[in-house]
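All remarks here apply to the structure that follows.
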Amino acid sequence: IAGNASLPNAGGAGGLWVDNGGSLEIFHSTFQGNVGSPSQIATRNVGSATIANTIVWDGTESIDMENTSVHFNHCDLSQSQSGTGNISLDPLFIAEWDGESANLRLDCLSPCLDAGVVIEDVTRDLAGNPRSLGSGPDIGAYENCIYDYDGNRIIDTEDLLIFQPQWHQPVSQSNQLFNANHEMSSERRIDAADLTGLLNGLRSFDR
């Protein structure tokens with residue numbers, strides 16, 4: 001499993017349940033606010049599980065791996081686990097689940113930026129953007145902080161200049177980084193909502 005996001009789910013194991021045999025790999029995924037029983041992520045009788053570059057945050061139940069050899073590395077976990085490069089810090093999502101929607105992209109101050117480990121076969125994020133854009137891959141389903149188009153972890157006038165040629169262009173594989181609001185209009189173009197978000201980001205860095 002690579003490049004996925006799981007939002008609040010109250011059924012079964014909440015975010016993910018795997019049972020009986022085989023092995024499990026989870027890379028560059030985000031689980032936020034899942035409240036199912038018994039846990040956010042659960043396995044039973046799975047030979048091995050490797051979870052890397054993944055955020056599991058703010059669920060009411062624990063990660064529950066029974067009869068499974070588990071290896072966490074370079075993850076951001078609300079309930080800390082042993083392993084290499086793991087952290088337990090607020091990932092600073094743009095907007096956590098509020099009962100209706102969420103934006104699980106990362107703020108430019110997120111501790112998850114550049115904190116992952118290179119996974120050779122994972123070259124794009126959930127939105128189709130290339131990994132990595134900074135000094136290392138970001139933890140979670142999305143690469144790079146929102147509206148930082150040049151990957152320098154600052155929203156500045158350079159990002160505005162990069163955005164300018166994309167204004168009102170149809171969204172495509174090559175430019176969907178600029179479609180940060182992901183609104184599915186009939187035209188699906190880089191639009192005023194995307195520009196407004198960028199300008200708000202500029203103002204936040206000017207304070």
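The values are calculated or read from the model by the stated rules, or taken from the named source; none is laboratory data. Keep in mind it's a predicted model, so treat the numbers as computed, not measured. Ideal geometry is used to build each Cβ from the backbone, glycine not excepted, and the neighbour counts take in all protein chains shown.
What the table shows:
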read-out	value
Unique residue being within 24 Å of Ile41 (Cβ to Cβ) and of a type outside the set (Val, Ile, Thr) when the list is Asp76, Asp150	Asp76
Residue within the stretch 175-186 that is in a loop (DSSP other than H, G, I, E, B), among the hydrophobic types (A, V, I, L, M, F, W, C), farther than 27 Å from His71 by Cβ and without any contact (Cβ under 8 Å) to a residue 12 or more places away in the chain present	yes
Only listed residue being in contact with a strand residue (DSSP E or B) (Cβ under 7 Å, 6 or more places away or on another chain) and surrounded by fewer than 15 Cβ atoms within 10 Å (Cβ to Cβ), chosen from Arg44, Arg105, Arg131, Arg124	Arg124
Test: residue in the stretch 67-80 that is without any contact (Cβ under 8 Å) to a residue 12 or more places away in the chain and outside any loop (DSSP other than H, G, I, E, B)	no
Yes/no for Asp156 being in contact (Cβ under 8 Å) with a residue 40 or more places away in the chain, outside the structural domain of His74 (by TED's automatic domain parsing) and in contact with a helix residue (DSSP H, G or I) (Cβ under 7 Å, 6 or more places away or on another chain)	yes
Per-region count, the stretch 155-169, residues loosely packed, with under 14 Cβ neighbours inside 10 Å and either at pLDDT below 85 or not hydrophobic (A, V, I, L, M, F, W, C) (or both)	5
